[in-house]
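Undergrad: Have a look at this one.
The values are calculated or read from the model by the stated rules, or taken from the named source; none is laboratory data. This one's a predicted model, so the numbers in the text were calculated from it and none came from an experiment. Counting neighbours? That spans all protein chains shown, and the Cβs are built from the backbone with ideal geometry, glycine included.
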Ligand SMILES: NC(=O)c1ccc[n+]([C@@H]2O[C@H](COP(=O)([O-])OP(=O)(O)OC[C@H]3O[C@@H](n4cnc5c(N)ncnc54)[C@H](O)[C@@H]3O)[C@@H](O)[C@H]2O)c1
């Protein structure tokens, strides 16, 4: 044994020609995956030194004892480490470069056997060796820019030298995971074989390198020297890429562009200089709020996944499901279920509705075929998983039912009691209602413990969130099965307690409340949209209302006003009500705050509409001037405060789940991390001050809770710096 640590062992092995080689294996004790925590990096340093001190070695194979190779750096450490400041981070990365360079400079050929996921720092480890062989099911990539940073352990230096700057820009700025065949094609790896043959393939490469058949020194020279591009080629490659990537990433995500700049700046340099450039840029990005929030997002997502995983473990199998109603939502649910492999009955009372539901599904599958994600055979197979029906014939074998009929409590009551009588005793019933209390819908059921809410968002195939709503009598088995089904559908379930609007709509409607007040005080709604879009929302509030549907919004608002009259009930008529009165329902009838025309692809395109502006004038009571900051504060404060209330009332259990629900459910700007992280970023005390100021003029919708005041006084935050939710 050359080295034995907690995560790394280095043993003496035998090469194909009987020569001694070092076998370095990552196998972190007590964990299911390998990650490069600071402790593991420190071990790697010791392991490499031990290898260097050893005599008579003729090669090195780096491998993994786990299913994944190395999933990356330990992101749970990031906030704590990044807090230490820019200079510390530069030093830290230069130290890692030293360790990695020591692998690259070993006096014999080296190879990595990539048996599974090799991401981020894991991918960068593989780049240190002369050669890489990859299992055919493994994946490799550099997702750092998605966290607001860039590959800082040599990825920006070694990858472009290995696969060319254009490919490297695509890998690094895109941040995607690459399959083995794609990696082989660009030259990121030297061979792809089934995992059983990985070691043999690695040993074969070493033997060929030692025999002079493969020139490992030339490979090294290529990886450590300047990039082979002349000035014009460089300019073309990088400037075009920057324009394209800037357009795609948008102004709020600086990391992909910074990564390209680092590759460009380092292109003409030798390894040491190029690495210094990379270290500096990494440290700078790590200091940004965007990075802080995106890392927080990753951690929150882990919290949410872990919780869902716990439910999933206790869940009964959900093998056959049914959806009642083949409308917009029912059709979408059927498609999503079939698309991910769970057979589903789709029942409606109208033949036309079923036809429409199926047509929509066919269209969505056909798009997948067009994009090369499905073959026509697979599409046909998936379509057979949706069984349309007008009767309850096969409902005796259904494990879980999603009710998605019209939003009318009487109809829902009738449908739910009817279906309860036809399914088996342990079938789980769920409702996709957006506004009716789950506890109330359970009242007429014989087995209310088997019932909960399963709230999807429109369009179902795109929106990642499913709110799983626990009514007063909902049992754990119902929640567990519903969470498991949502996961099987590829969605992110978040469990919340019952209240008007549940979590997401309860938070969204105060935001619309803020919008109505702004308009009434003279803000132009198109300007409000622009400001909020610049702030980071995918669409501004007026546009969003057009998408939601004005009648739906008015109805939901009534439910919210009834539930929380102190802050959400109002006497004044809102612009949204005026729209409904004038039959401007939004996108559904091509007229709302905007008018809608069809673009070339048949998709609705919004255009400004004088008539809408004229109508809105009816509700304008003042002509105030607002700065962009005013608009943002008036929109965001009610949303953030309602999120705080949901947390305080136990509607949602953790800040992590609350923030993720807003990001996944309504497109809260991800780089801002969520409502509670937004308050933390501003400082709770500062936020309370801002809200108090607005509450004086605008009333209880803007009034902070007592608990939030106490948090402000004691300096408490929603997230500790470690941000574990
Ligand atoms: N549209 C959205 O954006 C959205 C988002 C989340 C939740 N929801 C909720 O989803 C539910 C469905 O909404 P939608 O927009 O799909 O409505 P929709 O009007 O498009 O579809 C409702 C369907 O239910 C069918 N139906 C009526 N009575 C039935 C019965 N007894 N048995 C079987 N089918 C019956 C109708 O024929 C119709 O096809 C509502 O509760 C709604 O609040 C809607």
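Undergrad: Within the group 450, 444, which residue is under 23 Å from residue 308 (Cβ atoms) and either modelled with pLDDT of 95 or more or away from the ligand (no atom under 14 Å from the Cβ) (or both)?
TA: After applying the criteria, what remains is 450.
Undergrad: Another question, if that's okay. Exactly one condition in (1) at pLDDT 95 or above; (2) farther than 18 Å from residue 174 by Cβ is not met by residue 258; state its number.
TA: For residue 258, the exception is condition (2).
Undergrad: Would you check if residue 638 is touching a residue at least 24 places away in the same chain (Cβ under 8 Å), buried (at least 19 other Cβ atoms within 10 Å of the Cβ) and not in a helix (DSSP H, G or I)? Let's see the steps before the verdict.
TA: Working: touching a residue at least 24 places away in the same chain (Cβ under 8 Å): yes; buried (at least 19 other Cβ atoms within 10 Å of the Cβ): yes; not in a helix (DSSP H, G or I): no.
So residue 638 fails the test.
Undergrad: Just name the residue that is surrounded by the fewest Cβ atoms within 10 Å (Cβ to Cβ) out of those in the stretch 162-208 that are at positive phi and free of Cβ contacts under 8 Å to residues at least 40 places away in the same chain. Quick ask: steps written out before the conclusion?
TA: Filtering the stretch 162-208 down to residues at positive phi leaves 164, 175, 187.
Still in the running and free of Cβ contacts under 8 Å to residues at least 40 places away in the same chain: 164, 187.
Working: 164: 17, 187: 12.
Only one residue fits best here, namely 187.
Undergrad: Take the residues in the stretch 424-433 that are within 13 Å of residue 478 (Cβ to Cβ) and within 13 Å of the ligand (Cβ to nearest atom), then tell me which one is surrounded by the most Cβ atoms within 10 Å (Cβ to Cβ).
TA: Within the stretch 424-433, the match that is surrounded by the most Cβ atoms within 10 Å (Cβ to Cβ) is 430.
Undergrad: Here is a follow-up. If the requirement is being touching a strand residue (DSSP E or B) at 6+ places or on another chain (Cβ under 7 Å), assigned to a helix (DSSP H, G or I) and under 19 Å from residue 58 (Cβ atoms), which of these qualifies: 202, 207, 183? I'd like the intermediate steps shown before the answer.
TA: Numbers: 207 fails: touching a strand residue (DSSP E or B) at 6+ places or on another chain (Cβ under 7 Å); 183 fails: under 19 Å from residue 58 (Cβ atoms).
Selected residue: 202, the only one of 202, 207, 183 that is touching a strand residue (DSSP E or B) at 6+ places or on another chain (Cβ under 7 Å), assigned to a helix (DSSP H, G or I) and under 19 Å from residue 58 (Cβ atoms).
Undergrad: Let me ask you something else. With the stretch 316-423 as the region, which helices (runs of 4 or more DSSP H) entirely inside it contain at least 3 residues that are more than 12 Å from the ligand (Cβ to nearest atom)?
TA: Details: elements: 328-339, 351-370, 376-383, 409-420.
In the stretch 316-423, 328-339, 351-370, 376-383 are the helices (runs of 4 or more DSSP H) which contain 3 or more residues that are more than 12 Å from the ligand (Cβ to nearest atom).
Undergrad: Pairs only if they're at least six apart or on different chains, beta carbon under 8 angstrom, first in the stretch 407-424 and in contact (Cβ under 8 Å) with a residue 60 or more places away in the chain and closer than 19 Å to residue 389 by Cβ, second assigned to a loop (DSSP other than H, G, I, E, B) and within 9 Å of the ligand (Cβ to nearest atom); list them, first residue then second.
TA: Once the first residue is in contact (Cβ under 8 Å) with a residue 60 or more places away in the chain and closer than 19 Å to residue 389 by Cβ and sits in the stretch 407-424, its partners that are assigned to a loop (DSSP other than H, G, I, E, B) and within 9 Å of the ligand (Cβ to nearest atom) give 415/405.
Undergrad: Quick one: would you say residue 436 is within 15 Å of the ligand (Cβ to nearest atom), at pLDDT 95 or above and in a strand (DSSP E or B)?
TA: Numbers: within 15 Å of the ligand (Cβ to nearest atom): yes; at pLDDT 95 or above: yes; in a strand (DSSP E or B): no.
It is false that residue 436 is within 15 Å of the ligand (Cβ to nearest atom), at pLDDT 95 or above and in a strand (DSSP E or B).
Undergrad: Which residues, taken from the stretch 453-476, are closer than 16 Å to residue 400 by Cβ, within 14 Å of the ligand (Cβ to nearest atom) and free of Cβ contacts under 8 Å to residues at least 60 places away in the same chain?
TA: Answer for the stretch 453-476, where residues must be closer than 16 Å to residue 400 by Cβ, within 14 Å of the ligand (Cβ to nearest atom) and free of Cβ contacts under 8 Å to residues at least 60 places away in the same chain: 453, 454, 455, 466, 468, 469.
Undergrad: Also, I was wondering about something else. If I go through the stretch 302-335 residue by residue, how many of them are under 26 Å from residue 82 (Cβ atoms), touching a helix residue (DSSP H, G or I) at 6+ places or on another chain (Cβ under 6 Å) and surrounded by fewer than 21 Cβ atoms within 10 Å (Cβ to Cβ)?
TA: The number of residues fulfilling the criteria is 1.
Undergrad: Could you give me the residue pairs with C-beta distances under 6 Å whose first residue belongs to the stretch 346-362 and is within 9 Å of residue 335 (Cβ to Cβ), whose second residue is within 8 Å of the ligand (Cβ to nearest atom) wherever it lies, and which are 6+ apart or on separate chains?
TA: 357/326; 357/331; 360/331
Undergrad: Tell me which helices (runs of 4 or more DSSP H) are completely within the stretch 529-575 and hold 2 or more residues being under 30 Å from residue 248 (Cβ atoms) and in contact with a helix residue (DSSP H, G or I) (Cβ under 6 Å, 6 or more places away or on another chain), or say none if there are none. Give the derivation first.
TA: Values: elements: 541-548, 550-563, 565-568.
Those helices (runs of 4 or more DSSP H) span 541-548.
Undergrad: Kindly list, by first and then second residue, each pair from a residue in the stretch 310-333 that is on the phi > 0 side of the Ramachandran plot to a residue that is within 10 Å of the ligand (Cβ to nearest atom) and in a loop (DSSP other than H, G, I, E, B), limited to pairs with Cβ atoms under 8 Å and residues at least 6 apart or on different chains.
TA: Cβ pairs passing all conditions: 325/348; 325/404; 325/405; 325/406.
Undergrad: Take residue 258 and tell me if it is under 30 Å from residue 146 (Cβ atoms) and more than 33 Å from the chain's Cα centre (by Cα). Write out each step before concluding.
TA: On the way: under 30 Å from residue 146 (Cβ atoms): yes; more than 33 Å from the chain's Cα centre (by Cα): no.
In short, no.
Undergrad: Follow-up. Kindly check whether there is at least one residue in the stretch 171-180 that is farther than 30 Å from residue 673 by Cα and over 29 Å from the mean Cα position of the chain (by Cα).
TA: Within the stretch 171-180 (the criterion being farther than 30 Å from residue 673 by Cα and over 29 Å from the mean Cα position of the chain (by Cα)), the answer is no, since none of the residues qualifies.
Undergrad: When you scan the stretch 72-89, do you find a residue that is crowded, with 21+ Cβ neighbours inside 10 Å, in contact with a strand residue (DSSP E or B) (Cβ under 8 Å, 6 or more places away or on another chain) and in contact (Cβ under 8 Å) with a residue 12 or more places away in the chain, even just one? Can you show your working first?
TA: Step one: of the stretch 72-89, the residues crowded, with 21+ Cβ neighbours inside 10 Å are 72-73, 78, 82, 89.
With in contact with a strand residue (DSSP E or B) (Cβ under 8 Å, 6 or more places away or on another chain) added as a condition, the list becomes 72-73.
Pick out the ones that are also in contact (Cβ under 8 Å) with a residue 12 or more places away in the chain and you get 72-73.
Yes, the stretch 72-89 contains at least one residue that is crowded, with 21+ Cβ neighbours inside 10 Å, in contact with a strand residue (DSSP E or B) (Cβ under 8 Å, 6 or more places away or on another chain) and in contact (Cβ under 8 Å) with a residue 12 or more places away in the chain.
Undergrad: Which members of the stretch 258-291 meet the condition of being surrounded by fewer than 19 Cβ atoms within 10 Å (Cβ to Cβ) and more than 22 Å from residue 95 (Cβ to Cβ)? So that I can check it myself, show each step before the final result.
TA: Taking the stretch 258-291 and keeping what is surrounded by fewer than 19 Cβ atoms within 10 Å (Cβ to Cβ), we get 261, 265, 268-270, 272-273, 276, 280, 284, 287-289.
Listed by number, the residues that qualify are 261, 268, 288, 289.
Undergrad: In the stretch 501-521, is there at least one residue being more than 13 Å from the ligand (Cβ to nearest atom) and at positive phi?
TA: First, pick out the residues of the stretch 501-521 that are more than 13 Å from the ligand (Cβ to nearest atom): 503, 506-507, 509-521.
Right, trim to at positive phi and you get none.
For the stretch 501-521, residues more than 13 Å from the ligand (Cβ to nearest atom) and at positive phi: absent.
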